[in-house]
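Asker: Below is a structure I'd like to ask you about.
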Amino acid sequence: MSLKQLSSNKKGQLILCCVILGAVWGFLLIRFGASYFKDLPDQKRINNAGKELEKAKADFEKYDAENRKNQQIRRQYRQLAAKAWITSIDGAVETALRRRISEVSEKLDFRLNSIGSANVVRINNDFSHADITLQGAGEIGDVIRFLAALAKIEPQLSWRQLQLTPDNRFNRFNRSDSSVQSVNLATQLNTIPATRLNFRGTLRVLVYIGSMTPAELKITRLPVPDTVNSMEAPEDSEFAPPAGEAGVPADPSGKAEETPASAEVKK
């Protein structure tokens with residue numbers, strides 16, 4: 001059957017189209033089949049890809065662990081900064097720390113022998129610490145109450161060093177009238193329980209001087225008012241004292257109030 005006869009009917013045309021299509025597919029397979037089959041993964045390439053995947057997974061776990069560690073350090077840093085002394089909330093540590101300790105002492109009616117000045121030492125770009133030395137004496141219960149009150153101050157204070165020694169100067173010992181014996185005074189005093197304590201120590205507070213704001217640190221404690229500045233009202237404030245001499249209200253008519261002394265002078 002010739003090509004002309006084959007193309008004269010529908011069945012022959014279908015066969016002719018299939019032959020042409022097969023020839024085209026054969027040409028494409030010969031032309032591009034080599035590169036196509038080359039790109040197909042074999043067992044060796046599959047094994048190499050698995051090894052690379054395991055390596056990438058191990059690297060990811062390593063970097064993820066480092067990231068979690070850095071996040072933990074960052075959280076601890078924020079917590080440490082939030083618990084530290086911050087000037088915008090707690091005031092200038094050089095003056096406010098000494099004032100707070102004095103307020104605790106006055107509130108408990110506990111007299112301190114001395115309160116030193118705050119010594120500020122820089123640690124790094126974000127933190128410094130302030131040390132202040134205290135010295136006092138009192139009954140054991142009073143000393144314990146004072147130390148407990150200091151522990152409640154916020155930000156928290158810590159003792160860099162604390163020395164407690166018994167004070168036997170105010171102890172008395174009974175002596176029998178019937179038999180007077182010669183005793184060593186120092187030995188006798190050491191056998192009597194002391195009711196008073198001398199203490200001397202250095203308090204330390206961590207001070208945050210970094211760039212983070214109290215809002216960023218999520219600080220919940222309220223700012224401590226400056227008692228010095230709160231006692232001084234500006235002249236244009238509604239809390240300012242009235243014009244005129246101190247303690248003498250101004251006369252609305254503009255005339256000074258006449259005192260008994262000035263009345264006698266006029267007479």
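Each value in this text was obtained by applying a stated rule to the coordinates, not by laboratory testing. Nothing here was measured: the structure is a model prediction, and the numbers come from that model. As a convention, Cβ positions derive from the backbone with ideal geometry for all residues, glycine included, and neighbour counts pool all protein chains shown.
Asker: Cβ neighbours within 10 Å, averaged per peptide: list 101-114, 49-62, 77-90 in order, most packed at the top.
Answerer: 77-90, 101-114, 49-62
Asker: If the viscosity is 1.567 mPa s and the temperature 4 °C, what translational diffusion coefficient in µm²/s does Stokes-Einstein give for the stretch 59-153 when Rh comes from Kirkwood over Cα pairs? Mind showing how you got there, number by number?
Answerer: On the way: Rh = 16.2 Å.
It diffuses with D of about 80 µm²/s by this estimate.
Asker: Quick check: convex hull of the Cα atoms in the stretch 42-100, volume per residue, rounded to a whole Å³?
Answerer: 71
Asker: Across the stretch 201-218, in residue order, what do the Karplus-derived ³J(HN,Hα) couplings come to in whole Hz, using 6.51 cos²θ - 1.76 cosθ + 1.60 with θ = phi - 60° and x for Gly and Pro?
Answerer: My calculation for the stretch 201-218 gives x, 10, 8, 10, 10, 7, 10, 9, 10, x, 8, 6, 7, x, 5, 5, 7, 6 Hz in order.
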